[in-house]
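The values are calculated or read from the model by the stated rules, or taken from the named source; none is laboratory data. As the structure is a prediction and not an experimental result, all values here were calculated from the model. Don't worry about glycine lacking a Cβ; one is built from the backbone with ideal geometry, like all the others, and counts go over all protein chains shown.
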């Protein structure tokens with residue numbers, strides 16, 4: 001069976017000959033081949049804007065590491081950038097928006113809907129190039145940030161430790177925050193639809209900053225917007241699996257609901273707990289602690305433990321967060337081989 | 001009943017006329033009076049080293065905000081500093097150690113045991129001054145960082161987003177990490193004993209970076225060292241309540257065990273969950289999301305919700321993390337009054 005079918009089947013909860021595996025940030029800085037292309041591109045954002053080079057780095061981990069799926073190389077922040085927010089990456093400091101949203105007028109100035117989504121044409125072109133180059137056997141995952149996670153950057157203007165500006169908005173100006181989230185959601189819906197039309201096989205929605213919201217407010221300010229996107233896509237493209245990855249919400253897995261296929265489990269959530277609370281409703285993806293990749297022995301131990309908990313169905317192997325830049329490539333290869341080995345039927 | 005007795009009784013699970021309240025970082029930057037003293041002291045570390053001024057800022061929130069307990073003004077990093085690690089605070093960047101621990105030889109060079117603990121004399125002097133100035137009615141909380149949390153700074157050399165240096169040590173050199181943790185634990189035991197001998201009424205152990213360790217490794221690398229400290233103190237000073245605050249471990253509350261009095265609940269852990277898993281074994285402290293302090297209305301709502309869950313015993317009101325610098329003082333006062341109002345019997 002080609003591994004694309006295996007990956008898509010696994011996402012949809014069907015029986016597969018082994019449990020497929022990929023890694024968040026698998027097209028990334030731990031690969032010398034990636035660093036070479038990135039140096040050619042000049043900087044990170046140039047690389048996102050260059051379909052030929054973005055295609056090349058997307059394909060690298062397939063050959064080098066042997067994962068069962070490719071994930072589009074891009075960045076979640078291209079969405080607010082094309083909405084008119086002027087993104088830059090300051091070396092050593094991460095992403096910056098020069099003019100964060102403070103008022104309704106700031107929001108009104110941003111481009112919305114299809115006009116913004118259409119400006120992301122370089123992403124769609126990248127997907128089309130990848131589909132030409134990628135073996136038909138391998139699935140291609142497209143992705144987006146969740147509206148909440150995108151909004152945190154749009155409001156704070158940069159990465160933050162405390163999220164106090166956007167959290168202040170939760171408690172003192174929820175209307176403006178909902179308006180921001182609604183506008184981003186509209187763009188993301190159309191953006192993901194265009195990714196599907198360009199050829200992606202699976203959608204992943206990253207809610208990287210899920211854990212910044214207190215449990216009782218999470219549904220209102222993040223989850224329901226992700227579900228709105230999932231429901232829009234599921235209605236039109238029911239064959240395309242949707243993975244939702246909300247990082248760091250182990251304390252209220254009971255509250256997870258809605259129409260999507262795979263729940264991405266981060267490393268802070270024990271796999272036993274995720275299986276108990278969600279295993280009947282969703283396929284689970286994850287969740288090896290990425291720092292285990294520093295040791296082959298500790299990697300093998302974790303892969304075996306996860307395999308023991310999850311058995312051989314309704315599971316996709318992955319890390320519980322992105323791979324770190326200083327991981328040896330051979331250890332990443334070891335992880336992938338171990339996942340495929342232990343789960344083979 | 002004097003509120004010192006109320007606070008200590010509440011920690012020990014006895015009936016009290018109302019549920020007492022304090023706030024993590026209550027002696028801090030949101031108070032203009034604190035900023036004035038800090039400016040006089042020159043910098044943060046000078047303030048920690050100056051018993052007279054440290055005493056003054058410790059007392060400020062008692063009068064201004066009306067909390068039921070004072071907490072010693074100091075910093076968790078004075079411990080590694082006096083072990084010989086050369087602490088500095090770089091403006092806008094946080095704490096730095098010039099020479100992080102990489103090897104056994106680096107660790108061997110550090111001062112341990114009573115020699116290190118005795119060097120913290122300015123802390124003990126601060127406590128003695130506070131006890132002279134503080135109304136007999138008010139309890140004084142002393143504190144320390146957990147060995148794991150202190151070790152993260154000693155190994156990384158500064159604050160970190162990924163903790164990848166110390167986590168790499170978990171998986172590739174656990175022996176060195178255990179040796180570091182054991183040496184820090186020895187110093188902390190004696191440090192806390194000297195805090196008790198100097199006059200503190202309650203101990204709090206902050207495991208601020210608990211959430212950096214994957215659940216299956218937490219007991220081995222953090223919890224058991226905190227318990228070693230708690231058991232040492234409980235054996236000699238059974239009347240002194242011990243509060244343990246491990247930030248961000250909602251997914252394995254089932255695994256919490258040992259001889260201490262109060263479990264500090266952070267805001268990411270729903271109070272219902274903490275009560276269900278731990279309410280019979282420990283008094284619970286917490287856990288309002290600190291950003292709710294931006295709104296009086298949202299503060300009142302949260303205080304009522306927490307009160308409804310916890311009832312009027314086996315609880316201490318607090319925030320689920322430290323108060324932020326841009327919170328209006330009147331909102332902090334409102335929080336304290338609301339806690340005392342809703343819980344009055």
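The number of residues in the range A:96-150 that are part of a loop (DSSP other than H, G, I, E, B) and surrounded by fewer than 23 Cβ atoms within 10 Å (Cβ to Cβ) comes to 16. Quick one: how many residues across the range A:161-173 are part of a loop (DSSP other than H, G, I, E, B) and either touching a strand residue (DSSP E or B) at 6+ places or on another chain (Cβ under 9 Å) or closer than 15 Å to residue A:102 by Cβ (or both)? Selection size over the range A:161-173: 1.
If you go through the range A:234-262 and keep only what is part of a strand (DSSP E or B) and under 16 Å from residue A:218 (Cα atoms), you end up with A:244, A:245, A:246.
Just one of the listed residues (B:254, B:207) is within 18 Å of the chain's Cα centre (by Cα), within 26 Å of residue A:271 (Cα to Cα) and either away from every other protein chain (no Cβ under 14 Å) or at pLDDT below 95 (or both), and it is B:207. Quick one: count up the residues across the range A:313-345 that are under 24 Å from residue A:278 (Cβ atoms), more than 13 Å from chain B (Cβ to nearest Cβ) and touching a strand residue (DSSP E or B) at 6+ places or on another chain (Cβ under 6 Å). Number satisfying all stated conditions: 6. Is there a residue being touching a residue at least 24 places away in the same chain (Cβ under 8 Å), under 25 Å from residue B:125 (Cβ atoms) and not in a helix (DSSP H, G or I) anywhere in the range B:205-223? Checked the range B:205-223: at least one residue is touching a residue at least 24 places away in the same chain (Cβ under 8 Å), under 25 Å from residue B:125 (Cβ atoms) and not in a helix (DSSP H, G or I). As a summary of the residue check, residue B:79 satisfies the conditions (1) outside any helix (DSSP H, G or I); (2) in contact with a strand residue (DSSP E or B) (Cβ under 8 Å, 6 or more places away or on another chain); (3) buried (at least 19 other Cβ atoms within 10 Å of the Cβ) except for the one numbered (1). With respect to the conditions (1) more than 17 Å from the chain's Cα centre (by Cα); (2) in a helix (DSSP H, G or I); (3) closer than 19 Å to residue A:110 by Cα, residue A:64 lacks only one, and its number is (3). Here residue A:189 fits the description: under 22 Å from residue A:241 (Cβ atoms) and under 17 Å from the mean Cα position of the chain (by Cα). Please tell me if residue B:265 is touching a strand residue (DSSP E or B) at 6+ places or on another chain (Cβ under 9 Å), buried (at least 23 other Cβ atoms within 10 Å of the Cβ) and within 12 Å of chain A (Cβ to nearest Cβ). The answer is yes for residue B:265. For the range B:301-332, how many residues meet the condition of being part of a strand (DSSP E or B) and over 14 Å from residue B:267 (Cβ atoms)? So the count comes out to 2. The residue that is surrounded by the fewest Cβ atoms within 10 Å (Cβ to Cβ), counting only those in the range B:159-180 that are at pLDDT below 95 and at the interface with another protein chain (Cβ under 9 Å from one of its Cβ atoms), is B:161. Residues in the range A:271-298 that are in a helix (DSSP H, G or I) and either within 8 Å of chain B (Cβ to nearest Cβ) or farther than 16 Å from residue A:247 by Cβ (or both): 12 in all.
Every residue in the range B:306-345 that is within 19 Å of residue A:213 (Cα to Cα) and touching a helix residue (DSSP H, G or I) at 6+ places or on another chain (Cβ under 8 Å), please. Once the filter is applied, which keeps residues that are within 19 Å of residue A:213 (Cα to Cα) and touching a helix residue (DSSP H, G or I) at 6+ places or on another chain (Cβ under 8 Å), the range B:306-345 yields B:306, B:319, B:320, B:321, B:322, B:323, B:324, B:326, B:327.
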